[in-house]
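Below: one structure, written as structure tokens.
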Amino acid sequence: MAMERAQRFVDALARLEEDGELDALVELFGEDAQVSNVASHRTFQGREGARHFWREYKGMLRQVKSTFRNMIEAGDRVALEWESNGTAHNGAAVAYEGVSIIEWDGESIVRFQAYFDPRVLGQELSQGTAPRSEAPATAPA
């Protein structure tokens, strides 16, 4: 199946976002995995590092759901173009988009790196001030 690994990751992420199920996602990572994103000041190492990274991701937002516009799988590499929408703990709507690159070694992820504009996410989380956080206009009754 051409997109098997990409779909395994997407399905495991959906379980984390919907139900808080962390283990299915963490089990995809190898013991030597490197996990990070552009907002992080560190690279998380190994399966336990992946657990910490994804626990922080889920804990950052009250509610979140990612949708995927493009999933590209070539050899041992997967590129996912996504948009995540949710609600911050302060009640602000959050929407940000980016690309994740995943490198596999057999059945295990050895490197995960997410790229997005951290300024947009930071504004939305802290103040609800990014343009996409504005409440939609309601039609007069």
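What follows draws every value from the coordinates through simple rules; no lab data is involved. All values reported here derive from a predicted model rather than from experimental measurement. For neighbour counting, all protein chains shown are included, and Cβ atoms are generated from backbone atoms with ideal geometry for every residue, glycine included.
Would you mind ranking H89, H41, H52 by Cβ crowding within 10 Å, fewest neighbours first? Mind dumping the intermediate values first?
Values: H89 11, H41 5, H52 16.
Arranged by neighbour count, lowest to highest, H89, H41, H52 become H41, H89, H52.
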* Tell me, what is the percent relative contact order of region 4-133, built from C-alpha pairs under 8 Å that lie six or more residues apart? -> 22
* Under unit Cβ charges (Lys, Arg +1; Asp, Glu -1), what dipole magnitude, rounded to 20 debye, does region 4-133 have relative to its Cα centre? -> 520
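Ratio of region 4-133's C-alpha Rg to 2.2 N^0.38 Å, to two decimals?
Working: Rg = 14.1 Å, N = 130, 2.2 N^0.38 = 14.0 Å.
So the Cα radius of gyration is 1.01 times the expected 2.2 N^0.38 Å.
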* Dipole-positive endmost among Y115, V35, A92 within region 4-133 (Cβ charges, Cα centre) -> A92
* Structure fact -> Place a point 7 Å from the Cα of A93 in the direction of its beta carbon; the residues of region 49-71 whose amide N falls under 18 Å from it are 61-67
* Please work out the FRET efficiency for the pair Q7 and E83, using the Cβ-Cβ distance as r and a Förster radius of 22 Å; give the result to the nearest 0.05. => 0.80
